[in-house]
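The values are calculated or read from the model by the stated rules, or taken from the named source; none is laboratory data. None of these values were measured; they are calculated from a predicted model. As a convention, Cβ positions derive from the backbone with ideal geometry for all residues, glycine included, and neighbour counts pool all protein chains shown.
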Amino acid sequence: MGSGKFLSVFSPATEEERKANFDDYWEFTQQHGGELFEEDRDLAIKRAKLKSFQDNPVKLRKPLADPDAFYRNYVEMKDDPKSLDKMTLMLTCIYKFARHEWVGIKGAWDVVPDMANSHSVEDKISRVHLAEEFCHVRLFDEMLRTCGLDKVEWVPLGPISEKVYEQFPKFPGFLMDTPAFVTELMGVTFYCHLHKLFDDVLADEPEVRERMKALLDEITIDEVAHVGQRRNFIGPTGIKISEWLVSPFYSMFFKDIPEVALLFDVKQMIDDGKAFDFNSIPQHMIDRSWVPTYCKA
Ligand SMILES: [Fe+2]
Ligand SMILES: [Fe+2]
């Protein structure tokens, strides 16, 4: 764990600092993801990493007792969630969180400029960012497969929600940047709590537990960088609004996933979001991620 090396993600930044940080992030992200495969919505280094996991699969020592309970409830909760075991709840919860991410990026991918038409460094960053998010969905899919769930389908949301997600990236920056930043922050908070939950739920499954953590870490490393990057889009007023948005935004989002309240301490997640300063992220992950200069002590 780091100790006080970093400052709050809500720390102020000047216009010049933000510009320099965009340039720095652009350098970082090209090294980090490698070549962008626009057609496949994929990145070379991430693809190779996923393949290394797929080529060395691990399995549960004791297979899921009732996979049908997962398949019955993963898109929508049909049973009383309190009647489900923690393992099933955790897996349906992972799917639901990832599904929101997938729907959001699917809508955005078609409306933001592709790399050939990205002229500003911000546009280029955003294109690679979206490709990374598609890689995350593949990693989530691999998590579910690791637990023996190989028949998962990625189901679109209803037509109205899909439309909302499609419109979102077309909003002007001053409306879009704060919720986009808080969404990334919520991702990191959720993944940190999920990482701890693996110790509890997978206590008797050491191989799968370590694999799930390794898969999740790949995602979290990107998301930590996204938090800094999306923060960098925001000016002095927006950053105050973002801080204020954490509580209502997290509450609203997590209320939509009934598993969350049974598995996680939502109040603690909100507190962690408001207090986020990169110091809780292990050093080996920080080393592969990105933090804005104005968040370094
Ligand atoms: Fe993501
Ligand atoms: Fe992200």
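Observations
Here is a yes/no grid of residues against (1) of a type in the set (Gly, Ala, Ser); (2) at pLDDT below 95:
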| site | (1), (2) |
| --- | --- |
| SER52 | yes, no |
| LYS59 | no, no |
| ARG72 | no, no |
| MET90 | no, no |
| VAL112 | no, yes |
| GLU133 | no, no |
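- Any hit, the stretch 130-145, residues being more than 20 Å from GLN229 (Cβ to Cβ) and away from ligand 1 (no atom under 16 Å from the Cβ): yes
- Test: residue in the stretch 261-274 that is surrounded by 13 or more Cβ atoms within 10 Å (Cβ to Cβ), part of a loop (DSSP other than H, G, I, E, B) and at pLDDT 95 or above: yes
Results for (1) of a type in the set (A, V, I, L, M); (2) in contact (Cβ under 8 Å) with a residue 12 or more places away in the chain; (3) within 18 Å of ASP150 (Cα to Cα), shown as yes or no for each residue.
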residue	(1), (2), (3)
LYS51	no, no, yes
ASP55	no, no, yes
ARG61	no, yes, yes
LEU64	yes, yes, yes
PHE70	no, yes, yes
ILE94	yes, yes, yes
MET115	yes, yes, no
VAL121	yes, yes, no
HIS129	no, yes, no
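- Residue within the stretch 72-79 that is of a type in the set (Val, Ile, Thr) and under 30 Å from GLU122 (Cα atoms) present: no
- Among the residues of the stretch 271-290, the ones that are within 16 Å of the chain's Cα centre (by Cα) and of a type outside the set (D, E, K, R) come to 8 in all.
- Some residue of the stretch 8-27 being touching a residue at least 24 places away in the same chain (Cβ under 8 Å) and farther than 20 Å from GLN229 by Cβ: no
- Some residue of the stretch 207-215 being closer than 24 Å to SER52 by Cα, in a helix (DSSP H, G or I) and within 14 Å of ligand 1 (Cβ to nearest atom): yes
- Tabulated pairs, the stretch 201-228, first farther than 24 Å from LEU262 by Cβ and without any contact (Cβ under 8 Å) to a residue 24 or more places away in the chain, second outside any loop (DSSP other than H, G, I, E, B) and away from ligand 2 (no atom under 16 Å from the Cβ), C-beta under 6 angstrom, 6+ apart or interchain: none
- The one condition in (1) farther than 28 Å from LEU185 by Cβ; (2) crowded, with 17+ Cβ neighbours inside 10 Å that PRO81 fails to fulfil: (1)
- Among residues that are under 29 Å from LEU149 (Cβ atoms), aliphatic (A, V, I, L, M) and within 16 Å of ligand 2 (Cβ to nearest atom), ALA214 is not included.
- Residue match in the stretch 1-14 (condition: in a loop (DSSP other than H, G, I, E, B) and β-branched (Val, Ile, Thr)): yes
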